[in-house]
There are 2 protein chains.
Amino acid sequence: MITDPPYGSGGFLAKDTTKSSKSKYVSSDASYQQTLPDIDGDSLHPEAWKELMLNACKEAKRVLKPGGYLLMFIDWRNLPALQEAIHAAGIQLRGTAVWDKGRATRPNKNGFRNQAEYILWGTHGSIATRETPVYLPGVLQHATLTNGKVHITQKPEALMSDLVEICPPGGVIYDPFMGSGTTGVATLKSGRQFIGAESVGQYFETALNRCRGVLGGERI
Amino acid sequence: MITDPPYGSGGFLAKDTTKSSKSKYVSSDASYQQTLPDIDGDSLHPEAWKELMLNACKEAKRVLKPGGYLLMFIDWRNLPALQEAIHAAGIQLRGTAVWDKGRATRPNKNGFRNQAEYILWGTHGSIATRETPVYLPGVLQHATLTNGKVHITQKPEALMSDLVEICPPGGVIYDPFMGSGTTGVATLKSGRQFIGAESVGQYFETALNRCRGVLGGERI
DNA sequence: CCTTGCGATGAATCCATAT
DNA sequence: GATATGGATTCATCGCAAG
């Protein structure tokens, strides 16, 4: 299970929960405001967001085979809460990988640039041996997408391709918050199988089309 | 205040609290086992470690001027607890910088390399304006030291030199867990003033000598 | 085809103003 | 007085057009 859930980044101030996720993430580009729908679940009250994350992690525990992996994106603000949710669901937390977005992120006056997002990863029980072991890097450097985005927080496909390698060849990857479906695209291109879910209809359609684009005439 | 406290990384398993910090951090080089003393406070029970961190953060709040900065190193395991301690002490948490140690770290079979450490940073109250503002990167890439280390968890001087820039020129930097004194060396070389503390006598002497080496004949 | 330059952008943050 | 709103800010990078 590899997923990029809503970050619920209104965690510290109540007022943030009243903004729509669009107005938080899209600063000035008016075309996005008109064409891209909101993220569902990002404006939740902190407690409700934690509950949602806990349920997602419990679902991971339920569907994962023994030795299966859970990978979840999060920002620095809600990393502690998500770590707790993963732990509470009974997933064995193994570490934190870093997505280094590079220097093309907004600078921070008299402070450190907010340049990284985090990927918490754990397993259902102990790590399974496999025929050809993989050794993945702990810091993944990929620039953020600038144009041609079909989702507000769309991840680079190359980043997802790196992550997908954690699943044994031919395995199944599940993304319950698939958004525009980049996880699915990277999964299918790697020859693995994909199951995805998305609550916003417009994003679901986008994801379906992008996955179809990879598979061509094959059954979907 | 810039400091690299004991990580208390025996947080999840009780047996870890019985290991000495040496046996955890020094893998194969037998000479270290003989010559370098333990870190004080690293084998604490999780609750005792949290208490120690909370006290350190409260001390930061006490000594920092308004607008002053707190920077603390931590690994992924105890990041949530330290974040909580900083928050509880009344320091305003601003973000998380990443120390990318590069590929020269131990690979992780069927998993992501544990390649990063984290630097939580916050301020006492709001950020002060300064004559010439600084814009610091969010990911700092510096290889770990391999030889010539005088402390088990010694940080590269170039890394500390980057961090020291958060303090206005001519300012004072305080490190209550200074270890072998790399923070002090970087601070003094940058023309700032330094105050340090260290509970292990042998490390204190090392730090004193290294700082003297920078200052030369000046008063220490 | 390669280089230069201009413009737009970012899971943001700050501060002054309004409620 | 505390909280919410809105506009200005900052720079490394990418895209695109022009030379």
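Structure summary
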quantity: Calculated from backbone phi, Karplus (6.51, -1.76, 1.60) coupling profile of segment A:80-97 in Hz, x at Gly/Pro; calculated: x, 5, 6, 4, 5, 5, 4, 4, 5, 7, x, 7, 7, 6, 10, x, 9, 8
quantity: Calculated label separations, B:THR105, copies of the chain, 7 Å along the beta-carbon direction, nm; calculated: 1.6
quantity: Relative contact order of chain A, defined on C-alpha pairs under 8 angstrom at six or more residues apart (%); calculated: 20
quantity: Cα-projected label distance for A:ALA143 with A:ALA104, points at 7 Å along beta-carbon direction, nm; calculated: 0.3
quantity: Lysine pair count for segment B:2-214 [Cα-Cα under 21 Å; pairs on different chains or 8 or more apart]; calculated: 19
quantity: For B:GLU165, label point 7 Å along C-beta direction: distances to other copies, nm; calculated: 3.1
quantity: Number of partner chain Cβ atoms within 10 Å, mean per residue of B:71-81; calculated: 3
quantity: Peptide B:88-100 - average C-beta neighbours from other chains (10 Å radius); calculated: 4
quantity: For B:LYS58, label point 7 Å along C-beta direction: distances to other copies, nm; calculated: 3.7
quantity: Those residues of segment A:175-190 whose amide nitrogen sits under 19 Å from the label point placed on A:ALA48, 7 Å along Cα→Cβ; calculated: A:177
quantity: Farthest positive-ward along the protein assembly as shown dipole, Cα basis, beta-carbon charges - from B:GLN83, B:VAL139, B:LEU70; calculated: B:VAL139
quantity: For the protein assembly as shown, with +1 on Lys and Arg beta carbons and -1 on Asp and Glu, the positive-most of A:ALA48, B:LEU120, B:GLN92 along the dipole; calculated: B:LEU120
quantity: Within 10 Å of each Cβ in A:131-141, the average number of Cβ atoms from other chains; calculated: 6
quantity: Note, ³J(HN,Hα) from phi for segment B:67-73, Karplus 6.51, -1.76, 1.60, rounded to Hz, x at Gly and Pro; calculated: x, x, 9, 10, 10, 10, 6
quantity: Positive minus negative residues near B:THR105 (Lys, Arg vs Asp, Glu; Cβ under 11 Å); calculated: +2
quantity: Chain B, dipole about Cα centre (Lys/Arg Cβ +1, Asp/Glu Cβ -1), debye to the nearest 20; calculated: 280
quantity: Whole-number percent relative contact order across segment A:140-197, with pairs defined as alpha carbons under 8 Å at least 6 apart; calculated: 33
quantity: Debye, to nearest 20: dipole size of the protein assembly as shown, +1 on Lys, Arg Cβ, -1 on Asp, Glu Cβ; calculated: 340
quantity: Prolate/oblate/rounded label for the protein assembly as shown (Cα gyration tensor, a/c 1.5); calculated: prolate
quantity: Bridge type composition, chain A - antiparallel percent by DSSP, nearest 5; calculated: 60
quantity: Cut-off under 5 Å, modelled amide H: who pairs with A:ARG192 long-range; calculated: A:GLY170
quantity: Closest-to-axis residue of chain B (Cβ criterion, axis taking B to A), whole Å; calculated: B:PRO80, 2
quantity: Placed amide H near A:LEU140: partners under 5 Å, 5+ positions off or other chain; calculated: A:VAL98, A:TRP99, A:ASP100
quantity: Derived scalar couplings ³J(HN,Hα) [segment B:102-117; Karplus, 6.51 cos²θ - 1.76 cosθ + 1.60; whole Hz; x for Gly, Pro]; calculated: x, 7, 7, 9, 5, x, 10, 4, 6, x, 8, 4, 8, 10, 10, 10
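Just so you know, all these numbers are worked out from the coordinates, no wet-lab data involved. All of these numbers come straight from a predicted model, not from anything done at the bench. Cβ coordinates were reconstructed from backbone atoms using ideal geometry, including for glycine residues, and neighbour counts include every protein chain displayed.
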